[in-house]
1. Tally Lys and Arg at +1 and Asp and Glu at -1 over the other residues with C-beta under 15 Å from the C-beta of Lys212: what net charge comes out?
2. Does a label point 7 Å from the Cα of Asn16, set along Cα-to-beta-carbon, have any residues of the range 81-110 with amide nitrogen under 13 Å, and which are they?
3. Could you point to the label whose value was computed as Cα extents along the principal axes in Å for the structure here, given [x] 89, 37, 33; [y] 48, 38, 36; [z] 68, 44, 30?
4. Any idea what the dipole of the range 177-251 comes to, in debye rounded to 20, about its Cα centre with Lys/Arg Cβ at +1 and Asp/Glu Cβ at -1?
5. Rounded to a whole number of µm²/s, how large is the Stokes-Einstein D of the range 105-175 at 4 °C and 1.567 mPa s, given Rh as the Kirkwood radius over C-alpha pairs?
6. Report the Stokes-Einstein translational diffusion coefficient (µm² s⁻¹, integer) for the range 74-217, Rh taken as the Kirkwood radius over Cα pairs, at 10 °C with viscosity 1.306 mPa s.
7. For the chain, what does the helix formula give at 222 nm: sum of -39500 (n - 2.57) over DSSP H segments with n ≥ 4, over the residue count, nearest 500 deg cm²/dmol?
8. Along Cα→Cβ, 7 Å out, is where each label goes; now give me the distance between the ones at Glu168 and Gln232 in nm to one decimal.
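Here, each number is a calculation from the coordinates, and none is a lab measurement. Here the structure is a predicted model, which means the values were calculated and not measured. Here the Cβ positions follow ideal geometry from the backbone for every residue, glycine too, while neighbour counts run over all protein chains shown.
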Amino acid sequence: MKKNITLKTRAYRLTNGKAPLSYMLSSRHSARSPLLYFDEDEGVNKPLRYARNQKSPFEDDQDGNAILEPVVFEDGMLVVERENQVLQKFLSLHPQNGTAFEEVDNAKDANIELHQLDIELTSQILAKELTTEKLISVSRILMGNQSNTLTIPELKRDILIYAKNNPEEFIETVKDPLLELQGHVAEFFDKGYLAFKNRNKDVYFNLSGNKKKMLTIPFAEDPNYVVASYMQSDKGVEAYKFLIDRLKKDN
């Protein structure tokens, strides 16, 4: 059994932001709702039961005068005073600890929030420092065809908003070594040099002298990334050079 050597009032909350008016946690072992703790030292499963007048959360260690009480979270929270050590021990051993509920750890919460703020700040700085060329490439990848109708100031605004709302995805996109290549691929599609067929499963050349199939997009993969990866290969590099030259002439 885990030992609580620090006697203090502890707060617990339901996970995933849940906060119903009341939530009753399973407080005793039964066939319908098993509450078992595996004791590593003894090598056995021990049934748990919360009884406020007992010293142990293990049913086998309790006497016949156990007073059972429900364990209820109100508005998603439960505060257990330092004097109620049996309930604190019961909750620490509960099978749903870490899934249905968790102990509030302010220091841990602060670290998580600080990490998130750092990511948001990093993404905002990256978005603000994008060159016009990179701005256009990132916009094509993240915003699709709609980016073609926006002015540069509008793109800067929308990318800053995107970076704020989706910082991790934005950072990953900007730092992707295939960024420039993906931007060109998006432009190849926009210009009609490449086209999707067969319910967007296949990519074909769409040029006057070349209507051949280029590749098949694997299930759930990003088409731009797949095509960009192909154009880095020995087989696709010549196609990439040709399409780039065509793009320069048309622009």
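1. Details: positive: Lys197, Lys211, Lys213, Lys235; negative: Asp202, Glu238.
Local charge sum for Lys212: +2.
2. 99-101
3. Recomputing Cα extents along the principal axes in Å here picks out [x].
4. Values: 12 positive and 10 negative charges, 82 e Å.
Roughly 400 debye for the range 177-251.
5. Details: Rh = 12.7 Å.
Reported coefficient: 102 µm²/s.
6. Working: Rh = 19.4 Å.
For the chosen part, D equals 82 µm²/s.
7. On the way: 8 runs with 104 residues, N = 251.
Calculated from helices alone, the mean residue ellipticity at 222 nm is -13000 deg cm²/dmol.
8. So the label points at Glu168 and Gln232 sit 2.2 nm apart.
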